[in-house]
Every structure is written in C-alpha cells, then in structure tokens.
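Contents: one structure, followed by commentary.
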Amino acid sequence: MSDKTRSIHGEWSSRFAFILAATGSAVGLGNIWKFPYITGQNGGGAFVMVYLACVAAIGVPIMIAEIMLGRRGRQSPINTMQRLSAEAGADPRWHYLGWLGMIAGFLILAYYSVIAGWAMAYIFKAFFGGFFGTDAGEVKAMFDGLMASPLQQLFWHTLFMFITMQVVMRGVQGGLEKAVRFLMPALFVILMILVAYAMSSGAYERGIDFLFSPDFSKIDADAVLTAMGHAFFTLSLGMGAIMVYGSYLPGHVSIAKTTFFIAGADTIVALLAGIAIFPLVFANNLEAAAGPGLIFQTLPLAFGHMGGGWLFGVLFFVLLFFAALTSSISLIEPTVAWLVENKNIERRRSCIWSGSACWALGVAVVFSFNIWSGHKWFDKNLFELLDYLTANLMLPIGGLCIALFAGWTMRQADTEQELEMPAQGFQVWQVLIKYVAPASVFLVFLHVLGVL
C-alpha cells in the first residue's frame with residue numbers, strides 16, 4: 001500500500017472526504033446539462049439502460065485504474081507517470097499520458113468556465129423574474145443576447161474563475177475538501193427539492209416512464225456509442241483530475257469500494273437530474289429531444305409559466321453552478337500540482353499563474369461567440385474546437401492509455417498490492433481493464449473519427 005509515501009500537497013482527511021471530492025469532480029455539467037438532453041435525443045429508457053451498463057463495464061474499471069495510478073505515484077499526473085513507468089521498467093514516454101491529461105483538464109476548464117458563467121448569469125435572471133411570462137421567442141432572445149455580449153460573458157467567466165482559484169489556492173484540506181464538504185450535500189439537497197417539485201408537476205409518471213421504460217427499437221449503434229462515450233466522460237476520466245485526487249488518498253483506503261461509491265453517486269445525480277427535468281418538460285408541452293438548448297432555452301420557459309417557477313428557476317441554476325464548481329477545482333489541480341513540484345513555485349503563485357492563463361484562453365472562447373464568431377478552424381469556432389479536441393479525442397486517448405498501462409504495463413504484483421481486492425474481484429477487474437475497456441474506448445474513438 002501507499003502509506004510509505006505521501007503527497008507533498010497533503011492528503012484527504014478521510015475516505016468520505018475523497019468520495020465527496022471525486023464525486024464532485026465527476027458530477028458536473030455533463031450530469032445536469034448533457035445527460036438529460038442526450039437521453040431525450042436517444043429515446044429515453046433504453047438509452048439509460050445502455051448507459052448504466054457502460055458505466056459498470058468501462059467507467060468503473062478505468063476509474064479504479066486511474067485512482068490506483070495516482071495513489072501509487074503520489075505526485076502530479078506527469079511526475080506520477082514518470083515514476084510508475086520507471087518502476088515498471090517501461091518506456092519513459094508514458095509520462096506523456098500525464099501531459100495529455102493535464103493539458104486536457106486545462107483546456108476543458110477554459111470553456112467550462114464560460115458555460116458555468118452562463119449558469120451564474122441565469123441565477124440572477126431567474127432571481128429578478130426574467131423568465132416570468134416569457135414565450136419561446138423571448139427566452140431565445142435572452143440567450144442570444146447573452147451570447148452576443150462579450151462584456152456580460154467576460155464578467156461571469158472572470159467571476160467563476162476567481163471563485164475556482166480561491167478554492168484551489170487553499171490546498172487539499174483547507175480548500176478542496178472544505179468546498180466539497182459544503183457543495184456536494186447542498187447539490188444533493190437542491191436536486192431532491194427539484195425532484196419533489198417534479199412529482200407535483202402533473203407529468204411525473206410520464207417523465208418516469210420516459211426515463212425508465214426501455215424501448216430497444218429506439219437504440220441503434222450510434223446511440224450505444226453515445227452512451228459509452230458519455231459514461232466515460234461523465235466520470236471525469238482521462239483528464240488528470242481523478243489521478244491527482246487519487247494521489248491524495250490515504251493508503252489504507254480501499255480503491256475499489258471507494259470507486260463504486262463515486263460511480264454510484266455520479267450516476268444517481270444524472271438520473272435524479274432526468275427525474276427532475278423531464279416531468280417539467282412534459283408538463284409544459286416542451287420537446288424532450290430539444291438538444292443542448294434544453295437547459296438554457298427550454299427550462300426557463302417552463303420556469304416562467306409554472307407555480308413557484310421563480311424559486312425553482314433560481315434553485316436549478318444554483319445547482320448547475322455548484323456542479324460546475326466542484327468539477328472546475330479538479331480540472332486545474334493537476335496543473336497547479338505540477339507547477340509546485342517542478343518549478344519550485346509556492347501554491348498561491350502557482351494558482352495565480354495557471355488560473356490567469358486559463359482565464360485568458362477563456363476570454364478567447366467568449367469572443368468566439370461574438371466578435372470573433374467569423375473565425376473558424378475545421379468549420380468550428382474556438383469553443384466548438386476545444387470541446388471536440390478534448391471530449392472526442394484527448395479524453396478517449398487518455399482513458400485508453402490508462403487502461404493499457406494499468407492492465408498490460410504495470411507489474412501484476414504492484415497492482416495487487418495497491419488494490420488489495422479479493423482474488424475473484426481482481427480477476428474480473430483484470431479482464432475488464434485489459435480487454436473490455438480498451439476495446440470499448442477504441443470503438444468510441446473510431447466513432448468520433450467517423451470510421452464507424
């Protein structure tokens with residue numbers, strides 16, 4: 001086990017603190033913004049069943065592997081991979097896996113912060129009655145107005161990055177842990193309030209039926225690959241966040257048991273988000289397959305026409321903000337940890353430098369929606385390009401490499417020592433990490449490249 005070495009950055013105070021932090025990293029806009037709309041686009045219940053199977057067979061084994069690598073290395077992802085490849089007598093170029101994750105997390109935060117800024121803006125729009133009595137055209141004009149305004153977006157993006165870096169600056173126990181100890185319970189409470197409200201919407205049964213009654217005639221190969229990809233991305237795998245969080249995990253904690261808790265909590269949040277959203281969509285005769293606009297253009301219309309819509313609109317966008325914040329602090333942590341370890345910079349300065357650089361790239365993302373909207377690369381603006389590069393290319397490659405390194409490159413004695421799983425459970429994990437997970441992620445990768 002890894003008690004013989006400790007991270008210079010500190011450790012989580014308990015297994016529960018790590019579960020909250022890693023669940024916070026996994027729970028983000030993907031659960032509350034993306035999961036409901038891709039479920040709506042892919043037919044509901046059958047898609048959910050495929051998604052759950054993919055979480056179990058692909059997401060959980062890779063998360064176990066990534067936490068294991070982090071805890072054994074006890075450093076930032078780059079230095080961890082350098083250390084572990086040397087320990088295994090493997091090619092030193094495996095350290096590029098650490099670089100890939102760190103850069104992916106940095107790039108994701110640059111545009112993630114902008115979307116989180118939209119959620120913050122909508123908290124105030126809801127609070128001041130901006131949704132009340134609106135029609136579809138007015139709600140669309142509201143969103144279009146935000147997109148067209150670089151100053152509005154810059155303000156919210158800057159505020160969100162400032163809050164993120166203030167948390168990260170305070171370190172593992174003083175910042176990350178304190179934040180998630182408040183944010184994660186608050187997120188669950190708000191989500192349960194919204195679910196309770198959805199039960200009284202008049203369309204609760206229809207929403208539940210849509211979400212949990214499978215009709216496999218609506219599932220095609222594309223839907224399966226979408227579910228597989230989302231199961232992988234929603235757990236924050238391949239971006240260095242889970243690896244660096246794993247490096248702060250005390251050595252006596254069971255990685256496998258902890259991973260099941262994290263994956264379970266992450267999946268429950270996604271399902272609860274669907275339970276809260278779809279009854280509201282159906283009660284207001286809105287379109288379940290509305291796509292990415294479901295949150296920012298469809299739900300405000302519902303909030304504007306229902307009893308208590310003011311309160312529940314505010315609660316919903318606070319929920320979205322909390323989910324974004326718990327993810328954002330994990331996305332920048334690998335970069336901060338690497339600067340502290342390699343450049344002899346104390347944590348505060350490391351946060352200022354990395355946060356400022358990420359903020360600057362986010363400014364360019366903001367401009368890609370308005371004053372630079374005519375600039376395209378591969379027919380995509382900067383926001384679309386960063387999203388495509390990270391979610392569709394960098395993360396699948398990172399996940400594939402984690403599976404290959406843990407399954408084929410590390411010595412089996414080292415993985416057995418770190419995981420301490422019962423023999424039968426370890427054998428199942430080995431089959432999944434060596435064969436099932438790499439093959440599945442490779443299929444997703446071929447799909448996004450248009451080969452499949």
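What does the accessible area per residue of segment 215-330 come to in Å², with a 1.4 Å probe and no ligands, DNA or RNA counted?
27 Å²
I'd like to check one number: the per residue accessible area of segment 1-95, probe 1.4 Å, reported in Å² as a whole number.
29 Å²
Each residue of segment 394-401 in turn: what ³J(HN,Hα) in whole Hz from Karplus with 6.51, -1.76, 1.60 and θ = phi - 60°, glycine and Pro shown as x?
Per residue, the Karplus-derived 3J(HN,Hα) values read 5, 5, x, 5, x, x, 4, 5 Hz.
Could you point to the residue in SER13, ILE38, ALA26 farthest towards the positive end of segment 1-107's charge dipole, with +1 and -1 charges on the Cβ of Lys/Arg and Asp/Glu respectively?
Going by the charge dipole, the pick is SER13.
Please compute the per residue accessible area over segment 383-452 with all protein chains in place, 1.4 Å probe, rounded to a whole number of Å².
With the other protein chains kept in place, segment 383-452 gives 46 Å² per residue.
Let me know the longest stretch in the chain that avoids all chymotrypsin sites (Phe, Trp or Tyr not before Pro) found in a DSSP loop with at most 11 other C-beta atoms within 10 Å.
Free of exposed loop sites, the longest segment is 129-377.
Would you work out what percent of the accessible area of the chain, with all protein chains in place, is carbon or sulfur (probe 1.4 Å)?
For the chain, the apolar C and S fraction of the accessible surface comes to 65 percent.
Of the listed values (1) 0.96; (2) 1.00; (3) 1.16, identify the label whose number matches Rg/Rh (Cα atoms, Kirkwood Rh) calculated from this model.
Comparing each candidate, only (1) matches the computed number.
Give the residue list of trypsin sites (Lys or Arg not before Pro) in segment 371-442 that are DSSP loop and have at most 15 other beta-carbon atoms within 10 angstrom.
Passing sites in segment 371-442 are LYS376, ARG411.
Decide, for segment 1-54, between rounded, prolate and oblate: order the square roots of the alpha carbon gyration tensor eigenvalues as a ≥ b ≥ c, take rounded if a/c falls under 1.5, and otherwise choose prolate if a/b is larger than b/c, else oblate.
It is prolate, given that a/c is not under 1.5 and a/b is the larger ratio.
Spelling out what I want: for every residue of segment 88-96, take phi, set θ = phi - 60°, compute 6.51 cos²θ - 1.76 cosθ + 1.60 (Karplus), and round to whole Hz; glycine and proline get x.
So the J values, rounded to whole Hz, are 8, x, 9, 4, x, 5, 4, 5, 5.
Can you give the net charge of the other residues whose Cβ lies under 14 Å from the Cβ of VAL50, counting K and R as +1 and D and E as -1?
-2
Under a Cβ-only charge scheme (Lys and Arg +1, Asp and Glu -1), can you give me the dipole magnitude of segment 53-121 about the Cα centre, in debye to the nearest 20?
160 debye
Apply the Karplus parameterisation 6.51 cos²θ - 1.76 cosθ + 1.60, with θ equal to phi minus 60°, to every residue of segment 355-363 and state each ³J(HN,Hα) to the nearest whole Hz, in sequence, with x for glycine and proline.
Using θ = phi - 60°, the values come out as x, 5, 5, 5, 4, 4, 5, x, 4 Hz.
Placing unit charges on C-beta atoms (Lys and Arg positive, Asp and Glu negative, everything else neutral), compute the dipole magnitude of segment 245-391 about its Cα centre in debye, rounded to 20.
For segment 245-391, the charge dipole is close to 340 debye.
Could you report the accessible area of ARG6 in Å², rounded to 10, computed with a 1.4 Å probe on the protein chains as they sit in the structure?
Number for this one is 150 Å².
Compare HIS447, HIS305 by solvent-accessible area with a 1.4 Å probe and give them largest first, with all protein chains kept in place.
Ranked from most to least accessible, the order is HIS305, HIS447.
Which value, in debye to the nearest 20, describes the size of the charge dipole of the chain about its Cα centre when Lys and Arg Cβ atoms bear +1, Asp and Glu Cβ atoms bear -1, and nothing else is charged?
Around 1040 debye, computed over the chain.
The values are calculated or read from the model by the stated rules, or taken from the named source; none is laboratory data. Note that the structure is a prediction, hence the values are computed from the model and not measured. In this analysis, Cβ positions are derived from the backbone assuming ideal geometry, glycine residues included, and neighbour counts consider all displayed protein chains. Ligands, DNA and RNA are stripped out before the accessible areas are found, and what is left, the full protein with its side chains, is counted by its heavy atoms. Shrake-Rupley method; radii C 1.70, N 1.55, O 1.52, S 1.80 Å.
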